[in-house]
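The values are calculated or read from the model by the stated rules, or taken from the named source; none is laboratory data. Bear in mind the structure is a predicted one, so any value in this text is a computation, not a measurement. All Cβ positions, even for glycine, are placed from backbone atoms using ideal geometry, and neighbour counts span all protein chains on display. Accessible surface areas use protein heavy atoms only, side chains included; no ligands, DNA or RNA. Shrake-Rupley method; radii C 1.70, N 1.55, O 1.52, S 1.80 Å.
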Amino acid sequence: DFSCIIPDILSSPVIPGNIADIVELLKNISLLLSENVNRGKMQSYSRIANHILNSSIISNWAFVRDRNAGSILLDSVNLFAGKLLLRNGSESIQEHFISTKGYSIHKKTSGKSFDFSMEFNNTGNITGHMVIPEEELLKLPKTSKAISIAFPTLGAIIETSQLDPGFVNGMVLSVSLPEELRHILLTFEKVNKLENIKAQCVGWHSTERRWDNRACTMKSDNISSVVCFCKHHHRTFKSFSILMSPTMLRNAVLDYITRVGLGLSIFSLVLCLIIETVVWHHVTKTEITYMRHFCLVNIATSLLIADVLFILAAIVHNTALNYQLCVAATFFLHFFYLALFFWMLTLGLLILYGLLLIFFKITRSVFIATAFFIGYGCPLVISILTVAITEPKNGYLRSGACWLNWYETKALLAFVVPALSIIVVNVLVVVVVVVKTGRSSVGEGCKSQDLSNMIRISKNVALLTPLLGLTWGFGLATIVDSRSLAFHVTFALLNAFQGFFILLFGTLLDRKTREALRMSCLSSKRKCSLAKVKISSPPPK
């Protein structure tokens, strides 16, 4: 009987050091004194836990030295409450910030439900509802018990030690069920009833100590509540809640911009590749122009595939398809977005080759091999290393999207660091071009035509590099300030219109390409005219 220590605990100030001691005490009680947990023991345990779950002291948890203290408390309460003995087939123990209910269940029981209405703060109550479906109860071989514990404030407490900005927006509901029962239906009332932010059903992974969206699927979501269908596992998933993540802004304007922009980007890139095919023989007569257009075609191809994969990744995520598909989509997205930047780097290195290494000529085959190694080989190595290092720890994907994780493992740095480094290198290349072309001595070592080609390529790089840098700069801003709709809209606009930028600055604004296209059109018209003349002229007698 540990009820004798309750007066001293309840009279102690709820400061970080005392919180840590009480969490350790509850952990030891659950490990050493969890035999024959009757109503009296559970009441004493709940009163101690309630003291550190009070909504008025949540901010003090941020200063507790052990960042896993909230998770340890959750596991301890679940373990202790799971041993609760039921009197007359049911039990209910209610405190302000923790409530425990238990019922006897058997296969002939109709769908069993647990209802909770609890105080969250001084403004009012929130509710939670848990149902064991009848088809699950039919799996029971004998009479068993089901225990459910509700925590209105524990989600906010756990949140203080989590790096993900997604916040828990309902009570945390824990369940202790027989092993035969695997699925439950949960209804959470939202604390903050926000229209423009998406809800996500999650389970607490007790081994990895994080919220995991693979534990649940969403059945419905409205402005006041969310219904989740969750899988219960006695070792990993016993506690569930809803996250309202600011990183998943549900905004009609944002969706519209993304769809229209991606459609325009894909159309622009397809048109760019068609134009390059038409004018290829006219614009690749010298080694430098061949290399330039070869890089441009691969830049457009990489971004085109990345845009298509972006759409597929959204479909995979929105239709809740399996985790492996999401990993595959993220891997190829990472690879092709990196390839876009590494082909930009190849274009920058081509400029340096044309300006600085004027006496060192490389063959076309050597250039193609080197370009493929830089453009696709380097991204492939980075992508494989990223998934190999982070995926075994389930840290490859970010919560709620098929894209690289940021908050737990910083996997996104495997894209950000190479991309921003390449932008810096290409900016330096443009500076070198400005300095070198300002000197008359440049013309002494290279042909004026080659110099003209170098300047044209430099203009492409000078225009595209800042646009790419600005795009992904706003991408980083959406992570730093994930609640800003302005950052999300700006990033969506710039990201979606990258294909149009490549068509405009890489193809349409290039004088040689326009001349070649005009020549091709005139040639086609001339051929059509000759064909018509042949058809209309009478056959010789």
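Structure above, values below:
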| quantity | calculated |
| --- | --- |
| Scope segment 188-224; condition of a type in the set (S, T, N, Q) and closer than 26 Å to residue 85 by Cα; matching residues | 206 |
| Restricting segment 433-445 to residues that are open to solvent by less than 50 Å² (accessible area, probe 1.4 Å) and hydrophobic (A, V, I, L, M, F, W, C), the residue that is modelled with the lowest pLDDT | 442 |
| From 102, 17, 70, 82, residue being open to solvent by 30 Å² or more (accessible area, probe 1.4 Å) and modelled with pLDDT of 90 or more | 17 |
| For residue 218: the one exception among (1) part of a helix (DSSP H, G or I); (2) modelled with pLDDT of 80 or more; (3) surrounded by fewer than 20 Cβ atoms within 10 Å (Cβ to Cβ) | (1) |
| Candidate set from segment 38-67 (those that are part of a helix (DSSP H, G or I) and more than 16 Å from residue 96 (Cβ to Cβ)); member that is least open to solvent (accessible area, probe 1.4 Å) | 61 |
| Residue 285, sole failed condition from (1) part of a helix (DSSP H, G or I); (2) open to solvent by 30 Å² or more (accessible area, probe 1.4 Å); (3) of a type in the set (Lys, Arg) | (1) |
| Helices (runs of 4 or more DSSP H) contained entirely in segment 459-541, each with at least 1 residues that are modelled with pLDDT under 75, within 24 Å of residue 280 (Cβ to Cβ) and charged (D, E, K, R) | 511-536 |
| Residue identified as closer than 16 Å to residue 156 by Cβ and in a strand (DSSP E or B) among 70, 128 | 128 |
| Neighbours by Cβ (under 9 Å, 6+ apart or cross-chain): first from segment 352-363, assigned by the TED database to the domain that holds residue 429 and over 20 Å from residue 425 (Cβ atoms); second modelled with pLDDT under 75 and open to solvent by less than 40 Å² (accessible area, probe 1.4 Å) | 358/442; 358/445; 358/446; 358/450; 359/445 |
| Qualifying positions in segment 1-21 - in contact with a His (Cβ under 7 Å, 6 or more places away or on another chain) and in a helix (DSSP H, G or I) | 9, 10 |
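This table checks each residue for (1) out of contact with any helix residue (DSSP H, G or I) (no Cβ under 7 Å at 6 or more places or on another chain); (2) in contact (Cβ under 8 Å) with a residue 60 or more places away in the chain.
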position: 46; (1), (2): yes, no
position: 55; (1), (2): yes, yes
position: 58; (1), (2): no, yes
position: 62; (1), (2): yes, yes
position: 76; (1), (2): no, no
position: 84; (1), (2): no, yes
position: 94; (1), (2): yes, no
position: 99; (1), (2): yes, no
position: 106; (1), (2): yes, no
